[in-house]
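Here the structure is laid out as C-alpha cells; the discussion comes afterwards.
The values are calculated or read from the model by the stated rules, or taken from the named source; none is laboratory data. Predicted, not measured: the structure shown is a model, and the values here were computed from it. Using ideal geometry, Cβ is built from the backbone for each residue, glycine included, and neighbour counts are taken over all protein chains shown. Each accessible area value is taken on the protein alone, full model and side chains, heavy atoms only, with ligands, DNA and RNA left out. Shrake-Rupley method; radii C 1.70, N 1.55, O 1.52, S 1.80 Å.
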Amino acid sequence: MSAVGDGEQFERLLSAASAYWGKRHHRPGACVVVEAMQQDVRLVVRNLLLANAICDLTSARLVVLTGTDRELSGVLWERFDVERVRRLAEAFGAAEIIDVHDLVDRRLADEGDGPADGIGSAALEALERATLLRLSRTPRLPGVEDERHRARRGRSRALSAVYDRLFAELSPVALVTGQVDYDQWGLAVETAMRRDVPVVHPQSGGSMGAYALFPGTPAAGTFHEELTGRLARYFDECVWPQRNLLRPGAELVAWRVKGERGSWWRGGSVNSFELRTETERRQLRGHGCDRLGLDPDRPIVTVFQHAVSDAVGTNREVFEDFAEWCAETAEFAADEDAVNWLFLDHPEQDRHDSTGHFAALAGRHARRPHLAFLPRQALSKNMLWSMTDVGVTVRGRVACELPAFGIPVIQAGWSPWSGCGVSHVAETRADYWRLLAEAVSRHTKGESVLAPEQRERARLWLWLRRSGGDVSSPLLPHWELGEGEEYLRALSVSMRHVERDGDPLHRAVRRMWERRDPLLSRFDFRDPAGLAEALTASRGAS
C-alpha cells in the first residue's frame, strides 16, 4: 500500500470497518479468496468490499492473499507494507490472511520451484515473459537468458505451485482480484480457471465496476481472451437490442466524456474538447499541421503507441510485441505518403521502457516529411481530435472512445470490448496491412472507414462503461476522491452510518452471480420491461 495509512484517519477506518463487518456466519469450509497485493488503498478496499458481498451471498468466510517480493519494488509499486494490509484485511473481516510470497520463499529455500502439475506450458510461459518484460522495462527479452531472468522464472513456477496447493486446500467459491496480469496475480487466475472457480475482477475508476469470468465451456485462452468473447456476446444480446431506450443516456455520457480527464492518449493541460463546428476544427487542424510540418490537405492517421512492456501477450495480438508492431507500422507508413502519419508515444512510457525505443524509431524516420513522432503531453485533446482522421492502436480505451466521436480505429490486437463491433480488429498481420491500406485509400478520396453503426455502438459502450456498468454504493467513495485522507474519512464515515440492507452493490453482485453475467451492472439488461421502467423513472425525476 501507499503511504496512506500512517495517520489518524487510517486508525479510524480500521475501527469503523471492524465494527461494520463484525462477526458473520459462514458455511463450514466455504471461502472467497481475495488478493490484497496492490499499493493503492482504493484498489485493496474495492477487492475487499466485493469479496465481502460475495461472502454475504454465499455464506463463505473471507481469505486474503497478500505479500510482496523485493524485485517488484520500484517497478509495480513504490512501497508496500504487508503489515498495514494485514491490519486492513482483519478490519474487513478476514478469517485468514496468507502471505503468498512468504510461502514462495520457503518453497524456493527447499529447492522446490516446479510449477503446478495442471498448468499448460503456454500459459505459464506467457505470464513469465510478461513479468520479465515489465520488470526489465524492455519491449523484448534478450536472446540469451541471464541469471536474473532464470531466477524470476523459478519464482514464477514456485508461485504457480503455491497457488495450486492453496486452492486445493481452500476450495474457494470465488477469486476476487484487482489485477489479472503478471505472475503474482495472473498465476492465481490461471489456477482458478483450471479449477472452475469464478474470477471477479474489480476495476479502477468510477464507483464500482467489475468483470467476471464464470466456469462454462472449457477455457480456450487466457482470462483476457475469454472475457473479450463473453463481453461481446453480452453486448450483442443485452445492450445493443436496447439502443433506442439507451440512446439519450449514451448521448449525455458522450457529451461528458468530451471534458473527461485522464485519457492516456491525451496530453497537455487542456482537458475538454471544446470545438463546436467543422470550421473551428479545420482552423485548429491547420495550425497543428503547420506546427508539425504536415500537409493539411492530406488525411492524418494517428498511431497510438502502447506502453511497450505492459502485460505483453496476455490477450490475442497480431505482432510479437508492441515495439515490433509500432516499428513495422512506421515502415508501412514510410511508403504511404498519400496521408500524414502521426505517431504518439504513451504518456507513461518512461516507466515501461528503458531502451528508448520510440525515440530511436523517430530518429530512423526523421527524413520522412509525412511522418511525425511526438512525445507525451505534446498535443491537447482539442488538437489531437481535430487532426486525427483515423486512429491505429493495439488495445486500450482509445479504440472505443474515438469511434464514438466519428473517428475510426484499426486494432492490431484484442482489448476487452474489441468484439463489440466498435473498431476494425485485425485477425492476422495480412489483415492488419489490408485494413491500413483500405483506410489510406478511402480517406484520400474523402471517404471514411467508419460505419454509422460503429459510432452508435461506441457511444453505447461509453454509456455502459461509465453508467450502466458502474454501480454506485453509499458505502464506497468515488474513485475521484483519490487515495488520501479525504477518501479514508469518507469511507470510515459511511461505515458508521450506512447499512448493507438494500445496498445497490449487493443487489448487483447477486444478479451478476446468479445470471453468470460477465460484468457488474446497475440494471438487469435481461429484463427489458424493468430496464425501461428504471430508466424512464430516473429521467422523469431529473
Point to revise | Test result for Ala109, crowded, with 20+ Cβ neighbours inside 10 Å, among the small types (Gly, Ala, Ser) and either at pLDDT 85 or above or farther than 12 Å from Arg157 by Cα (or both) | key: no
Practice item. Could you pull out the residue among Val45, Val85, Val64 that is crowded, with 21+ Cβ neighbours inside 10 Å, out of contact with any strand residue (DSSP E or B) (no Cβ under 8 Å at 6 or more places or on another chain) and under 30 Å from Glu480 (Cβ atoms)? Key: Val45
Review point. Of the residues Leu227, Leu246, Leu294, which single one is at pLDDT 90 or above and within 30 Å of Glu483 (Cα to Cα)?
Key: Leu227
Check your understanding: Which of (1) free of Cβ contacts under 8 Å to residues at least 60 places away in the same chain; (2) closer than 20 Å to Pro416 by Cα; (3) open to solvent by 60 Å² or more (accessible area, probe 1.4 Å) does Asp236 not meet, given it meets every other one?
Key -> (1)
Check your understanding: How many of the residues in the stretch 313-335 are open to solvent by less than 20 Å² (accessible area, probe 1.4 Å) and part of a loop (DSSP other than H, G, I, E, B)?
Key -> 4
Review point. Is it the case that Val75 is within 20 Å of Phe167 (Cα to Cα) and touching a helix residue (DSSP H, G or I) at 6+ places or on another chain (Cβ under 6 Å)?
Key: no
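Mind telling me which of the residues Gly93, Gly22 ends up being at positive phi, out of contact with any helix residue (DSSP H, G or I) (no Cβ under 9 Å at 6 or more places or on another chain), open to solvent by less than 60 Å² (accessible area, probe 1.4 Å) and touching a residue at least 12 places away in the same chain (Cβ under 8 Å)? Write out each step before concluding.
On the way: Gly93 fails: out of contact with any helix residue (DSSP H, G or I) (no Cβ under 9 Å at 6 or more places or on another chain).
Exactly one residue qualifies, and that residue is Gly22.
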Check your understanding: Which one of Val33, Val4 is at pLDDT 95 or above and either part of a loop (DSSP other than H, G, I, E, B) or of a type outside the set (S, T, N, Q) (or both)?
Key -> Val33
Check your understanding: Out of the residues in the stretch 375-387 that are open to solvent by 20 Å² or more (accessible area, probe 1.4 Å) and of a type outside the set (D, E, K, R), which is farthest from His346 (Cα to Cα)?
Key -> Ser380
Review point. Counting only residues that are open to solvent by less than 10 Å² (accessible area, probe 1.4 Å), not β-branched (Val, Ile, Thr) and not in a loop (DSSP other than H, G, I, E, B), how many does the stretch 186-212 have?
Key: 7
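Confirm whether Leu135 is farther than 21 Å from Leu62 by Cα, open to solvent by 30 Å² or more (accessible area, probe 1.4 Å) and of a type in the set (A, V, I, L, M, F, W, C).
When the stated conditions are applied, Leu135 does not pass them.
Do the conditions hold for Leu436, that is, is it assigned to a helix (DSSP H, G or I), at pLDDT 95 or above, among the hydrophobic types (A, V, I, L, M, F, W, C) and farther than 23 Å from Leu252 by Cβ?
Criteria met by Leu436.
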Point to revise | Single match in Arg140, Arg150 (criterion: on the phi < 0 side of the Ramachandran plot, part of a helix (DSSP H, G or I), at pLDDT below 95 and out of contact with any Pro (no Cβ under 9 Å at 6 or more places or on another chain)) | key: Arg150
Review point. What is the number of the single condition among (1) basic (Lys, Arg); (2) surrounded by fewer than 23 Cβ atoms within 10 Å (Cβ to Cβ); (3) more than 19 Å from the chain's Cα centre (by Cα) that Arg457 does not meet?
Key: (2)
Study note, to complete from the structure: By residue number, the members of the stretch 376-394 that are under 16 Å from Leu436 (Cα atoms) and of a type outside the set (Val, Ile, Thr) are Asp389, Gly391
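Rundown of residues vs (1) farther than 27 Å from Ala327 by Cα; (2) at pLDDT below 95; (3) open to solvent by 60 Å² or more (accessible area, probe 1.4 Å), yes/no style:
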position: Ser415; (1), (2), (3): no, yes, no
position: Tyr432; (1), (2), (3): no, no, no
position: Thr444; (1), (2), (3): no, no, yes
position: Arg489; (1), (2), (3): yes, yes, yes
